[in-house]
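In what follows, a single structure is set out as structure tokens and then discussed.
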Amino acid sequence: MRTAYSSRYCPPDGIQWEDKLVRLVIGIASKGEEHLAILDRVVEMTKSDEDTNALVANATEEEFSFAAR
């Protein structure tokens with residue numbers, strides 16, 4: 001596998017990351033351009049604050065992982 005994808009499901013109230021409250025964390029490691037399809041999907045899923053808030057508030061970790069692939 002050349003591309004690795006990992007999502008970090010955050011509770012709806014978020015987690016502290018340094019000095020900021022974070023509600024969604026995504027990690028991608030890739031060789032070449034294989035990660036671009038994942039990034040495109042993430043951008044599609046989080047186009048607005050409302051989209052991101054709905055995703056974080058309503059999706060389980062399993063649902064989010066499936067949706068982002």
Diffing region 13-24: the Karplus 3J(HN,Hα) column from phi (6.51, -1.76, 1.60, θ = phi - 60°), in whole Hz with x for Gly and Pro, holds 7, x, 10, 7, 10, 6, 9, 10, 8, 10, 10, 8
For Glu50, what accessible surface area do you get with a 1.4 Å probe? Give it in Å², rounded to 10. 130 Å²
Please give the solvent-accessible surface of Ile38 in Å², to the nearest 10, using a probe radius of 1.4 Å with every protein chain present. 30 Å²
For Ile15 and Asn58 in the same chain, what is the full-extension length gain: residue separation times 0.36 nm, less their Cα-Cα distance, in nm? 13.8 nm
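The values are calculated or read from the model by the stated rules, or taken from the named source; none is laboratory data. Predicted model only: the values in this text are computed from it and were never measured. Only protein heavy atoms, including side chains, enter the accessible area calculation; ligands, DNA and RNA are left aside. Shrake-Rupley method; radii C 1.70, N 1.55, O 1.52, S 1.80 Å.
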